[in-house]
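Reviewing the structure listed below.
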Amino acid sequence: MFELQGKRALVTGSSRGIGRAIALALAEAGADVIVHCTGRADAAAQVVEEIRAMGRQSFYIQKNLMDADCADVIASRVRETFGAVDILVLNASIQYKKPWESITAQDFADQMNVNTRASMLLMQAVVPEMKARHWGRIVAIGSVQEMKPHPDMLVYSASKAAQTMMIKSLAGQLAPFGITCNSIAPGVIYTDRNTEALSDPEYAKKVTDQIPARFYGEPRDCAGAAVLLCSDAGRYITGQSLYVDGGKSL
């Protein structure tokens, strides 16, 4: 039920962190995986090699999701190499941490363009082929901040909430075509985005004290949820937000 043999997946922002863990987990389940990065092509190439070592097909695409043509460029490259994708994982995001009074128009545009607009454009690019095959999986990586926003990440939390509402809107529209649309909302996950902050014992204790499970997660904690939602084991799950947060959203 959890096998993805013969499926082709595109995971945005998969050169590191949660995206990397999901890409490797999908490959382990049998999928061929397209790795995406904005920078760090060397890291993306390393993920590709790890996937190929499992006997799967893989390559990486480097493209900035702030660009208005990001979906067209990525979709074109995918068609040239894989033909089409069965699974789209919308993981890439950016976040700027600052008091809301200091947020600039550019700060707003950057986060909304990458975290929300690019998600819509990529879905527009891949859904027609999913419809034609009457099978598809779309998984957006949201955030616990949709439920409990950080006071210094106003736009980031808003962009993730908007992304999740797109998923919920499309879930009902695409279900008749065999396409499921879901969101995974991670809590505090130990990635290079927050390594520096969590290296401070006092701050780390403050963070974990706010998590009922009393520890922060790792990227692999999100990977199992992604495999569930992308496989036939999750075929009857759509329009849902799955919080992987140790209870922080409670």
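The values are calculated or read from the model by the stated rules, or taken from the named source; none is laboratory data. Everything quoted here is computed from the prediction, not taken from an experiment. Cβ sites come from the backbone with ideal geometry, for glycine too, and all protein chains shown count toward neighbours. Each accessible area value is taken on the protein alone, full model and side chains, heavy atoms only, with ligands, DNA and RNA left out. Shrake-Rupley method; radii C 1.70, N 1.55, O 1.52, S 1.80 Å.
What percent do you get for the relative contact order of the chain when only Cα pairs under 8 Å and 6+ apart count? Kindly include the intermediate steps, with their values, before the conclusion.
Details: 489 pairs, mean separation 51.8, N = 250.
Answer for the chain is 21 percent.
Starting from the Cα-Cα distance between Phe108 and Glu80, subtract it from 0.36 nm times their residue separation and give me the gain in nm to one decimal.
Numbers: separation 28, 0.36 × 28 = 10.08 nm, distance 3.37 nm.
Residue separation times 0.36 nm, minus the Cα-Cα distance, leaves 6.7 nm.
The mean sequence distance of close C-alpha pairs (under 8 Å, at least 6 residues apart), as a share of the length of region 171-246, puts its relative contact order at 51 percent.
Thr238: net charge of surrounding residues, Cβ under 10 Å, Lys/Arg +1, Asp/Glu -1, itself excluded?
Net charge around Thr238: +3.
Direction-averaged projected area, Cα convex hull, region 186-227: 3.0 nm², rounded to one decimal. Ordering 88-94, 74-80 by mean Cβ neighbour count within 10 Å, with the highest value first, yields 88-94, 74-80. Expressed as a whole percent, the accessible surface of region 1-106 that belongs to carbon and sulfur atoms is 47, based on a 1.4 Å probe.
Please compute the net charge surrounding Ala185, taking Lys and Arg as +1 and Asp and Glu as -1 over other residues with Cβ under 13 Å from its Cβ. Net charge around Ala185: +1. I need the helices of the chain that pass two filters: whole DSSP H segments spanning 24 Å or more by Cα along the axis, and mean Kyte-Doolittle score no lower than -1.0. Those that pass (Cα extent of 24 Å or more, hydropathy at least -1.0) are 154-174.
Suppose we take every Cα in the chain and form the convex hull; what volume per residue is that in Å³?
Values: hull volume 30.2 nm³, N = 250.
Dividing the Cα hull volume of the chain by its residue count gives 121 Å³.
With every protein chain present, what is the per residue accessible area of region 102-242 (1.4 Å probe, Å²)? Numbers along the way, then the final one.
On the way: 6610 Å² over 141 residues.
Per residue, region 102-242 has 47 Å² of solvent-accessible surface.
Which percent of the accessible heavy-atom area of region 131-247 goes to carbon and sulfur, probe 1.4 angstrom?
On the way: 3210 of 5620 Å².
Here it works out to 57 percent.
Of the Cα atoms belonging to region 107-250, the radius of gyration and Dmax stand at 16.2, 53 Å.
Straight-line cross-link reach from Lys206 at under 17 Å between alpha-carbon atoms covers these lysines, not counting any fewer than eight positions away in the same chain: Lys148, Lys248.
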